[in-house]
Structures are given as structure tokens and as C-alpha cells.
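Undergrad: Can you keep this structure in mind? I'll have questions shortly.
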Amino acid sequence: MKPVAILAASALGAHGADWRGVAGLIRAGAAFASPCAELGGVVGAQVPVIPAAIAVEPRARKLMHRGAELACSAMRALLVGGVTAEAQDGMFLGVGASGIALHEVQAMVPVSFEGPSFSQARFATEGLLACNPLFAFQMMNNFTLCHPAIRHGLQGPNAALFSRGAGTVGALAEAMAAVNSGECERAIAGGADSALHPITWSELRRDRDPPAVPGEGAALVLLAPQAAGSSRRPLRDVGEEFTGAGSGSVGLLAGPGRGTGGQVMGTVAPGASSAEAAGLPARSARVPVTGGVPTASGADLSLGFLHRSEVRRASPLGVRETLSALAAFEPSGVVLAACGAHRMAEWSRSVVAALPASELLASSSIFGEALAASAALGLLVALDLLREGAGRAALVVAGPDGELGLVCVSRSAS
Amino acid sequence: MKRRVFVRGIGCVSAFGRSWPSTSEALAAGRVAIAPVEHFDFRGFPSQVAAAVRDDGAQPDRRRAMAFSAVEEAWLASGLSVDPVRLGVFLGAESGRASLEVVLRLSRAAGPGPGFDYDGFRRAALGLGDRMDATAVSPAAVSSALAAKFGALGPCETISLACSSGAAALVEATRAIRAGEIDAAIAGGVGADVDPMMLAGFGLLGALSSRGVSRPFDAHRDGFVVGEGAAIVVLSAERGAASVELAGVGRSLDAHHLTAPDPGGEGAVLAMSRALRDAGLDSVGYVQAHGTSTPLNDEVEAVALRRVFGARLADARVGSVKGALGHWIAGAGALGFLCAVHSVARGELLPTAGLTVPDPRCELPHVAGLAARASVDAALCNAFAFGGANSCLVVRRA
């Protein structure tokens, strides 16, 4: 398949709302996690206050789950720099299962009891009347895609791929195919999700040993045919200045090492399940991010080229094929977005063995485990490597459902 | 030149039975599977009927059990032997459900009153961890389990696009086969939404029929009825004995409203037109409509069909399976696709059950009552989702 041009990109993560410099943050051992009120104080990599320039207005936010809200803000960030959304643009997102709106359930429950016993009849009458009739909107996974599409008038081909990891790589693949086949001239692709939901976090905690550090975020890229990326212009900043995590951040990192020769940059600390348990690894530090709301420019701006995006089963054959494709691409930097410390360790070893001279960065060290957003945020770390001067960079995603994703980007189309 | 995509096998689990023949025979006879819900006390709910699949209730994930059964049927019928690396899985699915009991216990842990006791909730959630198994509730759990069971080592995708999910999964599978990424795919959709939270949610939206009757395009329709099941096909680049091919796919977004369709049907027109153009056709002999039985959606779909086909619509017949089997949500588009394939393969045009007084605003060449017989060279299947995501599929004689 032909490479496609990446015309613009945007990101929201625990570090803030820019993607430039994220590779440096990982190398520096930056940490942005802080206790989350929604999780009863569990440490999470939560997105700081979203700048007004890209925030969703409160009234609209009532209809959204967190993933949709983050997707809408990332969409506004993508467009705020001068790129305009066209009606025929496609949209392909990795999305999560947002979970039920807990405050709505909480409103239903007290009035649904008859004495000490739960009454389904009361639940069906008083219970339903007690909650917002629009709460069902917050339960729908595809609304992560539909909210931004409606707000920006997108009518093109689309898909919402469920993802706890590599599904977002599938969304990038679909977008790339849609652009290459001419089904749409441009496509917006990426992922948005939040693991900072009590039920989601409980599931993550159950799945992981050691427990995961939950995160959230959104990242989008605007893709176009190869020819659209023929010229390269400097990025320009727009929007307001802001910084990343607020005070009280605690570390996620076990400690950064050198980026090549077998050491992984940024390893998620085991046991970071609460503020007390996480502690502050000696070498971690809060590094404020200052910069513009994500950048974009005219339609002829090219941030790089997307060469391949593919998902395989993590079978022995699939692993071999992925590593073979990775090695054949010869990236100078590899970003690893693996769910869980075990997968992280396993894939760190595998990638280092396949590409001993490459720099290896663990994107979840600053973003936490952001589920459907993880691969999208990891892609922007890879783009940041291109921005720093790397000719080729790759993203490896190891998801919890036995899937394996590979995304390859480069500065040139060849 | 695009690779052709052939329909090699079909499988289905529905309220009528655990095979496509048992399902299609009941549909052809005009039977209706909608009945009062028995496995749960729905007294007082906005809707108390559904087209539920009877099972023993022992499965932690009903979606998986239904999908396995449907895939086994489709795979056996396909007669395929394919390199596992060249076999993909593409499934439309939404989340499974934690039990109502778990939801209630969590809710109570959040404390009474307007404040939300996050710490109490967190502790309760931890205590209930073994009942919130992500492998039973994750949308991706089903496709992942199917890939493992049937040895598919190619791409494995889960499309969560509400009512378009199943059709959109078929779109993705088609793209992957055409692109040469794989040679065959297990594709379709599954829905298991006869569930208290879903009935509460859709009831609150006012989307469900208060009379408990699904009657697409009828003058007295007042909402949809929830159904459930799995509809699966095996698609292949190798023709084998296939008599039908998936010839065209089209997708669009309404970009209009969270629940209401664009009144002019613009999004639906775009998706249908794109699918027809992809197939190189401008007419079909049968349309399996999305036809939910909701007042606005059916009317808009009728408008859109007339806009797309104009006078050529007179040569087609239109049916909606939701009159008999309700709305399968994530599985709906895939079930509709089976009906469209059936029309071409068997010359049997499945009817819209419950349609007795056609709404003049939905004037279409309906098939009502019993199935009609006709030689059909091509058929269209529509799937339109909450949020305005549309997926359309065109099949034709191979």
C-alpha cells in the first residue's frame, strides 16, 4: 500500500495538549500522574484542565462520556491551526467502552428500593424518572466518533473500532486504505479513551499484575494522499499557553535509561495503584510542558508519511512477522505502547533483539494505560521523533486481547 | 482491478432457531418472534417484549455463545481451507454486560444523596472485580475469542458503531480481502441486548414501541422492539461454489444529530449511492431496509430510497427483518445482509412482518405477509446507526 501524508496532528494527554517534545519528556523521565478523585485517590495519568480554545462547552459535555469529550477537544485542536474540516473527510477512530454514567445510576438506585429490597418495578418507574433521559448517549461507544463528526459536519466514510490497544492501529489502517482507494480524499484517524472510570479501572486492575496506571487521552492525525505531503513547512503555534499536570503529581517511572543498546526509556512502575503505593521514584520529576495548543498549518504541511499500519494476532507466527516487518523498515526509533508491565517487558526485549541500535521509548510512561488512546498517543511520539530529525520511526502496540499492532512513519514518502 | 469477494457460508442464531435455514423459513412464513420477556422481570419497564434468544443462562458472555454457534454453521457451509495467516475476523459488537446485581452494588457503594463517594465506590469495585471480567464485557472479547477458536491469525477487528456495527464489519472485511491483506474473513455481527440496562436506556430515549409491536413502515408504528442474535458470513476471494458476491460497500455520516436522522436522508443517500457506485449498479431487485419501526427513521429511509432509485424503485421490493426479529443493534446490519444474500441466492424475498397498513409517507414496494418469489440479480442492505453512522452493502449474483 502506498504511504499517505500526515498533514496535521493533535494530542491530549496527561502531559497537556501538544505532542511536540513528548519524546524528550519520556527520555527525561517526566511524570504527570496525580491522585484521581474519581478513583478514590488512585494515581492516574489524567488530562489537565483543557484549554478554553479547544474545550467542549459545558452544555454539550452533558451528553458526552469522557472519551467523546477528549475526541472533540482533540478535533478542535487539529483544526484550530488553520486546517478546515471538509464534509467528505473520513473519520476512523479507535474507541473504548465508556461505561455507564455512574452519577445517573446513583440517582436511579435509591428510589428503586422498596424497603430493603431492590424493586425492578420501581426501578422501571421512579428509577428511570430520576435520571437524565439522555444518559443512554453516554453509554454508546460509537459516540466518541459521532460527536466530533456532528460538530464538524463530517459525512465521509467512517468506522469506530473498539480498542483496548491495537484496535486503534486498525483504525489507522482503515483510514489509510480509504485515502489510498479514493473513498475519501482525506481522513481523520486516531483514538480517544479514558481508563479513569471506576469500572474500567477495576477491570484493568483485575487484568494486570502488577496493576496498571490508568490514563486517558486522545490523539488524531489528518491523512491525505502522498502528493499532498510534498512540501514541508515549519510548524506554527496557536492558542493559549498552558502547562501540563498540576501540583501533586507523583511519578510513574521506574527510571529512564539510555535510549539505545537495550535500555528502555520509561518503564511503568509496578504497584502504582494509589498515591501511597506509587511513591516517587527517585529519578522521576514533573516536567511542565509549555507550548501552543497543537499545531497545524495549511493543507500542504506535511508532518511525515504513514507507511503501514497493521494488526496481527500475537501468535508465534504473528510475533515473528511483526518483528520481521519492523526490522525491514529500519526505524531509528521505536515507540512501545504495551498494555501491562509484563507485555512491556516482553516486547522491550523483543524489539531490542530485533533492532539493537534503535532508540526505544515507552509511551505509556507519561500517558499511562489510556486504552484506545494509547496507540494514537504513541503514534504522536513517533511523529515527534521525525520532528527531531529521525528519518524513520515505528510504533509497536501489544494489546490485552492478544493482538499486536505495528505502525511505521517516515519523513519522506520513499 | 478489485478482487471479488464471495459469500461462501452463512450462519445465524436467532429467536427462531440456531441456524439460518430455521430462521429464514420462519421469516418467509411471516412469523414473528417477539414475545413477553420471560427470563427477567420487566414489569413496569417502558417495553416488556423482545425477540430473545433462549439459552440456558449458564454462559458468562451470551454474545460469545451465539457468535460461536453462528460461525460454526457458516464455516462448515463455506467448505474453505485457508492459511490461518490469510484469515481475518471482523465483528460488529458492543459491550457485554456486568450483571444488574453488580451495577446495583456499585451504585449503592457510591453512597446516598448528591455526593459521590468515590473512595467507597473504588473499594466496592475492587471487591466485585471477579464479576467484572473484561473478557466477558469487552466488545473485543468476542472477535478475539473467535479468532482463537477458529485459528484466524490475520487481522481481528471489532466495530462498535451501534446499529451499523455488523454492516460496517462486513465493509472492513471486504476492504481487507480486496486489498489482498487476507484471502478470507469471518465477518458479521452479534447483539445481546435483551437486558435491563439496555431496555431502560432505550426506553428512556422513547425509542421503544410502547405497544410492544415492531411494524416497520406501518402507519401505526411507534418504536422498535429489541431483538438479539448473531449473523455471520464467511467471505472469500476464492469463488468456490458461491452464488453471491459482496459487490459494493458504502459508508457515510449524517453529521446531523445524535439520535435523529437528517430529515432529507442525505447521509443515507450518500451511503447507498456510494455502495451502488462501488458495485457498478444503479438498481437492485430487493432492498433489505434498516426499517426500525420508529416513526422518523422509517420515513426518512423511504425518502432516501426514493431519492436514490427514483422510478427504478418500482422494479424492486423492500423488506425489513426487524418486524419479525426486532432490532439486534450491533448485529442488525449483518442480519439484514443475510436476508439480502438470501434474496439473490434463493429468489425468496423475505417480508416485513407486522406491516398491515402501509404509511403513505413510507410509500415503497413493500413485501408484506409472506415471502415473495422473484429472480433477483442484486440486492441492497441498509444499516443506519444512532449518531448518524451509515453503512450500506450491495450483493449480486456471482
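Undergrad: Normalising by the residue count of region B:206-321, find the relative contact order in percent from Cα pairs under 8 Å and 6+ residues apart.
TA: Relative contact order comes out at 29 percent.
Undergrad: Quick check on chain B: helices-only [θ] at 222 nm, where DSSP H runs of length 4 and up contribute -39,500 (n - 2.57) each and the sum goes over total residues. Nearest 500, please.
TA: Values: 12 runs with 132 residues, N = 398.
It lands at -10000 deg cm²/dmol.
Undergrad: GNM, chain B, Cα, under 10 Å: largest mean-square fluctuation among B:Val190, B:Val344, B:Val37?
TA: Greatest mean-square fluctuation among the candidates belongs to B:Val37.
Undergrad: Now a separate question. Using Cα springs under 10 Å in a Gaussian network model of chain B, which residue among B:Asp117, B:Asp359, B:Asp195 shows the largest mean-square fluctuation?
TA: Fluctuation is largest for B:Asp117.
Undergrad: Label points 7 Å out from Cα along the Cβ direction at A:Glu114 and B:Glu25: separation in nm?
TA: Each label point lies 7 Å from its Cα, and together they span 4.3 nm.
Undergrad: Rounded, prolate or oblate: which fits chain B, taking a ≥ b ≥ c as square roots of the Cα gyration tensor eigenvalues, rounded meaning a/c under 1.5, else prolate when a/b beats b/c?
TA: oblate
Undergrad: When the Cα atoms of region B:302-398 are enclosed in a convex hull and the volume is divided per residue, what value in Å³ results? Write out the running numbers ahead of the final one.
TA: Numbers: hull volume 10.4 nm³, N = 97.
It is 107 Å³ per residue.
Undergrad: Can I ask one more? Taking the Cβ of each residue in A:Leu134, A:Leu222, B:Leu325 as the centre, tally the other Cβ atoms inside 10 Å and list the residues starting with the fewest. Each step should come with its number before you reach the end.
TA: Working: A:Leu134 16, A:Leu222 26, B:Leu325 32.
In order of increasing Cβ crowding within 10 Å: A:Leu134, A:Leu222, B:Leu325.
Undergrad: Along the Cα→Cβ direction, 7 angstrom out, place labels at A:Arg59 and A:Ala345. What is the inter-label distance in nm?
TA: So the two model labels end up 5.3 nm from each other.
Undergrad: When the expected Rg is taken as 2.2 N^0.38 Å, what fraction or multiple of it is the alpha-carbon Rg of region B:241-338?
TA: 1.07
Undergrad: Write down the radius of gyration of region A:305-371 and its Dmax, each obtained from C-alpha positions, in Å.
TA: Answer for region A:305-371, Rg first and Dmax second: 11.9, 31 Å.
Undergrad: R0 = 22 Å: FRET efficiency of B:Arg397 with B:Arg361, Cβ-based, nearest 0.05?
TA: Once rounded, the FRET efficiency stands at 0.10.
Undergrad: Kirkwood Rh over alpha-carbon pairs of region B:8-94, then Stokes-Einstein at 25 °C and 0.890 mPa s: what D in µm² s⁻¹, rounded to an integer? Mind dumping the intermediate values first?
TA: Values: Rh = 15.1 Å.
The Stokes-Einstein estimate is 162 µm²/s.
Undergrad: Next up: Suppose the chain between A:Ala227 and A:Ala121 were pulled fully straight at 0.36 nm per residue; how much longer would it get relative to their current alpha carbon spacing?
TA: On the way: separation 106, 0.36 × 106 = 38.16 nm, distance 6.18 nm.
Net length gain for the segment: 32.0 nm.
Undergrad: Ignoring the sites themselves, what is the longest stretch of chain B with no GluC sites (Glu not before Pro) in a DSSP loop and at most 16 other beta-carbon atoms within 10 Å?
TA: B:39-237
Undergrad: Hey, rough spin-label estimate for A:Ala328 and B:Asp41, points 7 angstrom out along Cα→Cβ, what's it come to in nanometres?
TA: With each label point 7 Å from Cα toward Cβ, the separation is 6.2 nm.
Undergrad: Would you mind ranking B:Thr259, A:Thr200 by Cβ crowding within 10 Å, fewest neighbours first?
TA: With the fewest neighbours first, B:Thr259, A:Thr200 line up as B:Thr259, A:Thr200.
Undergrad: Using just the Cα positions, wrap region B:206-291 in a convex hull and report its mean projected area in square nanometres, one decimal place.
TA: That works out to 8.3 nm², a quarter of the Cα hull's surface.
Undergrad: What are the lysines whose alpha-carbon lies under 26 Å from the alpha-carbon of B:Lys2, with same-chain residues fewer than 8 places away excluded?
TA: Partners within reach: A:Lys2.
Undergrad: In addition: Would you please classify the overall shape of region B:348-398 from the alpha carbon gyration tensor, given that a ≥ b ≥ c denote the square roots of the eigenvalues, rounded means a/c under 1.5, and beyond that prolate means a/b larger than b/c while oblate covers the rest?
TA: Since a/c reaches 1.5 but b/c is at least a/b, the shape of region B:348-398 is classed as oblate.
Undergrad: Same structure, new question: So what J values fall out for region B:150-158 if you push phi through Karplus, 6.51 cos²θ - 1.76 cosθ + 1.60 with θ = phi - 60°, rounded to Hz, Gly and Pro as x?
TA: My calculation for region B:150-158 gives 9, x, 8, 10, x, x, 10, 10, 10 Hz in order.
Undergrad: Take every DSSP beta bridge with both residues inside the protein assembly as shown and express the antiparallel ones as a percent of the total, to the nearest 5.
TA: Here the share of antiparallel DSSP bridges comes out near 65 percent.
Undergrad: For region B:116-258, what does the alpha-carbon gyration tensor say about shape, rounded, prolate or oblate, given a ≥ b ≥ c as the root eigenvalues, a/c under 1.5 as rounded, and a/b over b/c as prolate?
TA: Oblate, since a/c reaches 1.5 and b/c is not below a/b.
Undergrad: When the expected Rg is taken as 2.2 N^0.38 Å, what fraction or multiple of it is the alpha-carbon Rg of the protein assembly as shown?
TA: 0.89
Undergrad: Right, here's the next one. Relative contact order (percent) for region A:306-410, with alpha-carbon contacts under 8 angstrom and 6 or more residues of separation? Please list the in-between numbers first.
TA: Details: 190 pairs, mean separation 43.8, N = 105.
That works out to 42 percent.
Undergrad: Based on DSSP, what percent of beta bridges with both residues in chain B are antiparallel, to the nearest 5?
TA: Beta bridges within chain B, antiparallel portion: roughly 65 percent.
Undergrad: Which whole number gives the average count of other chain Cβ atoms within 10 Å of the Cβ atoms across peptide A:196-204?
TA: On the way: counts 0, 1, 10, 10, 3, 3, 13, 10, 1.
That average works out to 6.
Undergrad: Evaluate E = 1/(1 + (r/R0)^6) for A:His103 and B:Ala148, where r is the Cβ-Cβ distance and R0 equals 45 Å; express this FRET efficiency to the nearest 0.05.
TA: 0.75
Values in this text are rule-based calculations from the coordinates and carry no lab data. Every value quoted in this text rests on a predicted model; they were computed, and no experiment measured them. Note that we place each Cβ from the backbone using ideal geometry, even for glycine, and neighbour counts take in every protein chain shown.
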